[in-house]
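These notes are about the structure you will find just below.
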Ligand code: PAF
C-alpha cells in the first residue's frame with residue numbers, strides 16, 4: 001500500500017495506473033475509520049482494479065463552533081486497517097497542499113446545499129464540494145464510492161460531478177449499523193453509555209416512518225409527528241430536523257411518494273447524529 005502526501009505524486013501514480021488500463025475507485029474519508037468506511041473500501045475493491053483512499057479532516061466543512069479540533073484522529077490505526085484490505089494507495093494531504101495560502105476559490109452547489117444539513121450547518125457543503133473537487137482532480141478516479149449514511153452529501157456530490165462534467169461514476173454503499181441499529185459514525189465515540197442506549201430512537205423512528213408509509217399513510221405531517229414522538233420519548237434527545245424529501249432533489253414532500261427519503265438530525269446529549277431511511281415502494 002503506497003502512501004502519498006503530495007498531491008502531485010498522487011496524480012502521477014494515478015495516471016500511471018490509468019495508462020496501464022486499470023480502473024481506479026476512490027473512497028474519500030476524514031479518517032477515524034470504522035466498519036462503515038471499510039465496507040466502502042471493500043465495495044471499491046469489488047468494482048475496480050485499484051483502490052485509493054484519502055484521509056483528510058477537512059477544516060473547510062466545519063463551522064466555527066463545530067468539532068474540528070475534537071474530531072477523532074487515529075492515522076496509525078487507520079493505516080493499519082487499510083493495510084489489511086485491498087487498498088493500493090492512501091492519500092494523506094497536508095492542509096497547505098489542498099488549500100494554498102491565500103486561496104479564494106470555492107466550489108458551490110446552489111440548489112441542494114442550503115437545505116437540511118446545509119441550513120443547519122452553513123458553509124458545510126461548500127467545504128465538502130470544494131475539497132472533493134480538489135481530491136477528484138488529484139486522484140482522477142473512474143469511480144467514487146460514497147456512503148448512504150450522508151445521503152444529502154451523496155446528492156450534492158452527484159450534482160457537482162454532473163454539473164462540472166467529471167468523468168466519474170458514483171457508487172453508493174449502504175448504511176452499516178451496529179447490532180442495536182445505530183448507524184456507524186465516527187461521532188458515536190462522543191456518546192456516553194446512557195446516550196448510546198437512547199440513540200436507538202433515531203433508527204426506531206425511521207423504521208416507524210417506513211412502516212406507516214407501507215401501511216398507506218401519505219400525510220408527511222402525521223409521519224413526522226410519530227417520528228418526533230418516538231425520539232422525544234428519550235430524555236437526552238433534541239430534534240434538529242426531521243424531514244421527508246425526494247432523494248435526488250431534497251425537495252420536501254408534504255405528501256409522501258413512492259420514493260421517499262426520511263432523514264433526521266438529532267442531538268443526543270451534546271452529540272449531533274444524522275441518519276436516514278430510503279423507502280422505494282414496489283422495490
Ligand atoms: O464524508 C466525509 O467523510 C467527508 O465529508 C468527505 C466526503 C471525505 C469530504 O471531506
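So the values come out like this:
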{"item": "Residues of segment 42-63 that turn out to be within 14 Å of the ligand (Cβ to nearest atom) and without any contact (Cβ under 8 Å) to a residue 60 or more places away in the chain, as a count", "result": "3"}
{"item": "Subset of segment 124-140 [crowded, with 21+ Cβ neighbours inside 10 Å and out of contact with any helix residue (DSSP H, G or I) (no Cβ under 7 Å at 6 or more places or on another chain)]", "result": "135"}
{"item": "Residue match in segment 196-205 (condition: touching a helix residue (DSSP H, G or I) at 6+ places or on another chain (Cβ under 6 Å), outside any helix (DSSP H, G or I) and in contact (Cβ under 8 Å) with a residue 40 or more places away in the chain)", "result": "no"}
{"item": "Residue within segment 85-92 that is within 14 Å of the ligand (Cβ to nearest atom), surrounded by fewer than 19 Cβ atoms within 10 Å (Cβ to Cβ) and more than 21 Å from residue 33 (Cα to Cα) present", "result": "no"}
{"item": "Helices (runs of 4 or more DSSP H) enclosed by segment 70-142 - at least 2 residues per element that are over 24 Å from residue 189 (Cα atoms) and touching a residue at least 60 places away in the same chain (Cβ under 8 Å)", "result": "95-98, 124-139"}
{"item": "In segment 169-183, residue nearest to residue 23 (Cα to Cα) [restricted to those that are surrounded by fewer than 19 Cβ atoms within 10 Å (Cβ to Cβ) and touching a residue at least 60 places away in the same chain (Cβ under 8 Å)]", "result": "171"}
{"item": "Test for residue 156: is it within 12 Å of the ligand (Cβ to nearest atom), under 22 Å from residue 251 (Cα atoms) and assigned to a helix (DSSP H, G or I)", "result": "yes"}
{"item": "Count of residues meeting criterion [farther than 30 Å from residue 159 by Cα and surrounded by 19 or more Cβ atoms within 10 Å (Cβ to Cβ)] in segment 213-229", "result": "0"}
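Rule-based calculations on the coordinates, nothing more; no lab input. On a predicted model such as this, the values are computed, not experimentally measured, just so you know. Using ideal geometry, Cβ is built from the backbone for each residue, glycine included, and neighbour counts are taken over all protein chains shown.
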